[in-house]
1. Ile94 versus Val110, label points 7 Å from Cα toward the beta carbon: distance in nm?
2. Calculate for the chain the 222 nm mean residue ellipticity that helices alone would give, adding -39,500 (n - 2.57) per DSSP H run of length 4 or more and normalising by residue count, nearest 500 deg cm²/dmol.
3. From the residues Asn87, Gly33, Gly72, which one has its Cα farthest along the dipole of region 29-91 in the positive direction, the dipole being from +1 and -1 charges on Cβ of Lys/Arg and Asp/Glu about the Cα centre?
Amino acid sequence: MKHPIRIRREILERLQAEARRQPAVECCGLLAGRAGVITTLYPATNVLASATRYEIAPEELFCLFRRMRAEGLELLGIYHSHPSGENFPSTLDIERAYYPEAAYFILSPVPEVVRPVRAFRICDGQVQELSIEPV
Ligand SMILES: [Zn+2]
């Protein structure tokens with residue numbers, strides 16, 4: 001686990017809360033910040049309302065990117081949850097990792113999980129876990 005990803009402690013806590021808000025549906029959203037530190041979370045709607053897949057509507061994605069730019073922030077991460085099973089990238093997650101420069105956060109709503117928040121770099125079908133450094 002190289003390349004730590006730095007994230008504000010309160011955002012890390014909010015991620016866990018997001019995953020547990022509707023534990024049977026994959027939650028999703030964007031993470032943004034400055035100078036390599038994630039400072040802001042933008043929750044999005046999973047239009048599929050599915051326990052195994054997520055999709056953000058293009059219009060909502062467009063609005064979120066516009067807000068991010070207006071706030072002078074850059075995209076640093078994309079998060080979603082896995083209501084059941086391991087919070088590790090699925091085959092579909094790997095296929096659809098369209099933002100190789102972003103950290104893919106995968107959350108588990110299950111309280112007993114040792115690491116309910118994990119982060120990965122997904123590039124050209126390769127998955128590398130990132131260590132998460134709360135700041
Ligand atoms: Zn997934």
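1. According to this spin-label approximation, the distance is 2.1 nm.
2. On the way: 3 runs with 31 residues, N = 135.
The helix-only estimate for the chain comes to -7000 deg cm²/dmol at 222 nm.
3. Gly72
Just so you know, all these numbers are worked out from the coordinates, no wet-lab data involved. Just so it is clear, the model here is predicted, and its values are computed rather than measured. Glycine gets a Cβ as well: all are built from the backbone with ideal geometry, and neighbour counts include every protein chain shown.
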